[in-house]
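Heads up: the structure comes next, in structure tokens.
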Amino acid sequence: MKINVKLVGAFRVDRFREEVREYRAGTSVREVIDGLQLSEQILGFALINGIHAEFEAILQDGDSLTILPVLDGG
């Protein structure tokens, strides 16, 4: 299945901003995160089609997954 994966902030460093990637049916958000080797220390949250999603949510063909780091600042 094809998933449009968008990375935000620090997750873009040495990676990509947005790209369509191929995954097997039944892939979870967590599996995508693990496959991209994103740092758990700064992992914030994920959106599927613009809606907040749990990391264990199962993706569907054509979904748009956005992965964001924790926000900091002052």
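Assigning unit charges at the beta carbon (Lys, Arg +1; Asp, Glu -1) and nothing else, what dipole magnitude in debye, to the nearest 20, does the chain show about its Cα centre?
For this selection, approximately 200 debye.
Restrict the search to the chain; then list the GluC sites (Glu not before Pro) that DSSP places in a loop and that have at most 10 other Cβ atoms within 10 Å of their Cβ. Don't skip to the answer; put the middle values down first.
Working: sites: E18, E19, E22, E31, E40, E54, E56; in loops: E54, E56.
Sites meeting the loop and neighbour criteria: E56.
Tell me the mean residue ellipticity at 222 nm calculated for the chain from its helices only (DSSP H runs of n ≥ 4, each -39500 (n - 2.57), averaged over every residue, nearest 500).
Taken over the chain, the calculation gives -2500 deg cm²/dmol.
Give me, ordered by chain and number, the residues 5 or more places off D63 or on other chains with an amide H under 5 Å from its own placed amide H.
Residues meeting the criterion, in which the H sits 1.01 Å from N, are N4.
Scanning the chain for trypsin sites (Lys or Arg not before Pro) in DSSP loops with at most 10 other Cβ atoms within 10 Å, what's the longest stretch left with none?
It works out to 25-74.
Every number in this text was worked out from the coordinates using simple rules, so none of it is lab data. The model shown is predicted, which means the values in this text are computed figures rather than measured ones. Counting neighbours? That spans all protein chains shown, and the Cβs are built from the backbone with ideal geometry, glycine included.
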